[in-house]
Structures are given as C-alpha cells and as structure tokens.
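Below is one structure, written out as structure tokens; the observations come after it.
The values are calculated or read from the model by the stated rules, or taken from the named source; none is laboratory data. Keep in mind the model is a prediction, meaning the values are calculated, not measured. Note that each Cβ is placed from the backbone with ideal geometry, even for glycine, and that neighbours are counted across all protein chains shown.
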Amino acid sequence: MAIRILKTNWINIIGVFTVLFLYTTIYELIEPNVSRNIFQAMIASLIGICLYGIMFWVGFIIMLIILDYVLIIPNPKDLKLKLLIEWIVISSPFVYWAIKYPEQRTLYIIAIITFLVTQLLRDKLINKAIQ
C-alpha cells in the first residue's frame, strides 16, 4: 500500500512543473527587455525550472515522501486534512520566498496554488490506491 500511495506524488510533480513551465514561458515571451521567439522562451523556461530550481525539486520530492510516510501511510483516515497539512508544511518556504523576493512573487504564489490544487486531486488518487 505504501508504494501505491507514494506513486500518487506524480500529480504534484507534473502539475507544478507544467504550470510553472507555462507561466515562465509566457513571461519570457512578454518580457519587454528581451526579444525571444517561442523556442527560446521554452528553452529558457526549462533551464530555469530544471537547473536553477534543482534544489527546489530535490527538497520538494524528499518532503513529499517524508510527509507521506509520517502522515498518510500509517493511517490514511482524515486524508484531506493530512494533505492540507502536507501542503502547508511544504508551501511555507514558498511563502517566505514570495515575501523575501518580490520580483518573483508571482512565480511562488502560482506554485503554492498549483500545489494546493494537485493535493486536492491527489486525494482521489490515494483513495483509489487504497481500495
């Protein structure tokens, strides 16, 4: 059962990555100080998300796994509440960064909201995996 629950983390990883990729690609295209075509904007977004954000992704995935083992796997009752607690704990660095770095505030807010949505979607996936 533990592995099936951990496998549901794909929705968080893919969801956050996709939304951040779309946001940064659009942002790169409409940035007034730089002229880029769509291909260059997509490459810049991939580099920014994958390479610049590597520490984020490592921490994000590790925290998802640890909190799943601590909160959800031992007792999957009150799943929605536990997923919201997981969201609050993992999102707290983003809130700090959004306050500290105002030039990237929108990026962090989008990541926080996307993570909340994917956590709520994950509730259904975990319930399927448990049954």
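Condition first: of a type in the set (Lys, Arg) and in contact (Cβ under 8 Å) with a residue 12 or more places away in the chain. Can you find one or more residues in segment 120-127 that meet it? Taking every residue of segment 120-127 in turn, at least one turns out to be of a type in the set (Lys, Arg) and in contact (Cβ under 8 Å) with a residue 12 or more places away in the chain.
Name the single residue, out of those in segment 78-127 being of a type in the set (D, E, K, R) and farther than 16 Å from residue 12 by Cβ, that is nearest to the chain's Cα centre (by Cα). Explain how you work it out, then say what you get.
Restricting attention to segment 78-127, the residues satisfying the condition of being of a type in the set (D, E, K, R) are 78, 80, 82, 86, 100, 103, 105, 122-124.
Subset that is farther than 16 Å from residue 12 by Cβ: 78, 100, 103, 105.
Values: 78: 22, 100: 19, 103: 19, 105: 15 Å.
This residue is 105.
Please find, within segment 20-72, the residue that is modelled with the highest pLDDT out of those that are surrounded by fewer than 13 Cβ atoms within 10 Å (Cβ to Cβ) and in a loop (DSSP other than H, G, I, E, B). Selected residue: 37. Within segment 40-92, being in contact (Cβ under 8 Å) with a residue 24 or more places away in the chain, under 16 Å from residue 116 (Cβ atoms) and not hydrophobic (A, V, I, L, M, F, W, C) holds for 80, 86, 91. For residue 13, the criteria (1) in contact with a helix residue (DSSP H, G or I) (Cβ under 6 Å, 6 or more places away or on another chain); (2) at pLDDT 95 or above hold in every case but one, which is (1).
The set of residues in segment 22-39 being of a type in the set (Phe, Trp, Tyr) and farther than 21 Å from residue 119 by Cα consists of 27, 39. Only one of the numbered conditions (1) closer than 18 Å to residue 130 by Cβ; (2) modelled with pLDDT of 95 or more is not met by residue 110, and that is (1). Among the residues that make up segment 93-107, is at least one of them surrounded by 15 or more Cβ atoms within 10 Å (Cβ to Cβ), out of contact with any Gly (no Cβ under 7 Å at 6 or more places or on another chain), touching a residue at least 40 places away in the same chain (Cβ under 8 Å) and hydrophobic (A, V, I, L, M, F, W, C)? Yes, the conditions are met somewhere in segment 93-107.
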